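Let me begin by presenting the structure, written as structure tokens, before commenting on it.
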Amino acid sequence: MIEFRSKAYYKVSAALAFGSFLVFCNLYLFQPMLPVLAKDFAVSATQINWLLAAGTLTLAIMLLPWAFASELIGRRKILLISLFLLPVIGLTSLLTNDLVLLIISRALMGMALAGFTAVAVAYMAEEFTAKAFSYGIGAYISANSLGGISGRIFGGMITDHFSWQTAVACMALLSLVGAILVALVLPKQSNKTVKSIPTSQYHHVIIQHLKNKKIFFAMLIGGLNFALFMNLYTVAGFRLVSEPYSMPVSIASMIFLCYLSGTLSSRLVGIWCQRFRPITGMFVGATLGLLGMLVASYDSLVVILIGLNLLSFGAFFTHSLAYGWVSQQAEHSKSTATALYLVHYYVSGSLGGFYLMYCWQHGGWTQVMIGASILYAVVFCLCWRLASYARKQTTATLQVQ
């Protein structure tokens, strides 16, 4: 097993973090463009949201197939196949100016991104010691946030000054170079034996994971947390390009720099887990997210930015803890367990977009806060249920011993 701070730890962590950075650059490239594209294609905010939702939905759908494939042919092969598909699909999307075909290309991009997303954490869980994993997952998710920041700001600025086609072409070139670098650095696994598992047995594996309440509740928490986080940012973008702010998209996209606070909180997860319970941290993260949303309700731009920083800090903290919890609590087929977590994560993120965009269209930020507060209440209830179940299971185990 790879020890924390060993040469192998830094090598694997760097390769997976950079791959993650590329994945999230591509996934969220179009998010800051949505207000501009809604005007260009003369469609509503809810309709243009399909450019973002198509990618996250197909990503969610393909997570389990990619995870199953990694059980058969190995994690590393899937990671590299996924990365090399990104520039191919990106360049293909330049062949059309039709909205429907563009949405289809984004759906294909989501399918490709799912390969890396489904397998990376399982690769770490199988190769790293427990301590190395708790710090490695923080670094990996920090790269997620940096990729999300970079992709969004890049997409907004290039679109504002050139065109969305230029942004896509440049991102495809970066993805090709990055995929080659990851292929050169990422080593083969030492602690994974490729299994010949009959496809007919996979549904039993899925059912077993879903019946495990310690895993299932964490999946629901992660999904709702992401639905709130990602789509509150999308609504904030529409809010800033509208009256009274009327910002150009290149300036409005700078709000995604607030993700840096999430990068910081992801790195603090390892320290938190050495001293406190992960479930308590999920509750704390959700509380900070709710507070951030409420603070952002004020019309002052400075206060909005403070609120978005709080939202990012809390959301990434909760996500890092829930994601790591699922992988560590799974007793078998860890890639399938983490893929199931991400299915909840991205499906919730996609559906949450339509929910909060509907609130925005029909009641502005006030209606968005009411709708989001309902979801935060559900998250708090799920944290309480998860803590209660984990406590009962621990008590039962001690009694048996």
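Annotations
- Filter pass, Gly281 being at pLDDT 90 or above and open to solvent by less than 60 Å² (accessible area, probe 1.4 Å): yes
- Any pair with Cβ under 8 angstrom, 6 or more apart, that starts in region 275-295 at a residue that is free of Cβ contacts under 8 Å to residues at least 24 places away in the same chain and assigned to a helix (DSSP H, G or I) and ends at one that is open to solvent by 50 Å² or more (accessible area, probe 1.4 Å) and aromatic (Phe, Trp, Tyr): Gly292/Phe313
- Qualifying residue in region 104-115 (condition: crowded, with 20+ Cβ neighbours inside 10 Å, modelled with pLDDT under 85 and of a type in the set (Gly, Ala, Ser)): no
- Annotation: Ala67 fulfils all but one of (1) buried (at least 22 other Cβ atoms within 10 Å of the Cβ); (2) within 21 Å of Gly178 (Cβ to Cβ); the unmet one is (2).
- Qualifying positions in region 341-358 - farther than 11 Å from Leu228 by Cα and open to solvent by less than 10 Å² (accessible area, probe 1.4 Å): Tyr341, Leu342, Tyr346, Met357
- Residue within region 254-263 that is over 16 Å from Gly156 (Cβ atoms), touching a helix residue (DSSP H, G or I) at 6+ places or on another chain (Cβ under 9 Å), open to solvent by less than 10 Å² (accessible area, probe 1.4 Å) and in a loop (DSSP other than H, G, I, E, B) present: no
- Where a residue in region 348-363 is under 22 Å from Ile61 (Cα atoms) and its partner, wherever it lies, is of a type in the set (Ser, Thr, Tyr), with Cβ under 7 Å and at least six apart: Gly349/Thr56; Ser350/Thr56; Gly353/Thr234; Phe354/Thr46
The values are calculated or read from the model by the stated rules, or taken from the named source; none is laboratory data. Just so you know, these numbers come straight off a predicted model, no measurement behind them. Cβ sites come from the backbone with ideal geometry, for glycine too, and all protein chains shown count toward neighbours. Just so you know, the surface numbers come from the protein's heavy atoms only, side chains and all, with ligands and any DNA or RNA stripped out. Shrake-Rupley method; radii C 1.70, N 1.55, O 1.52, S 1.80 Å.
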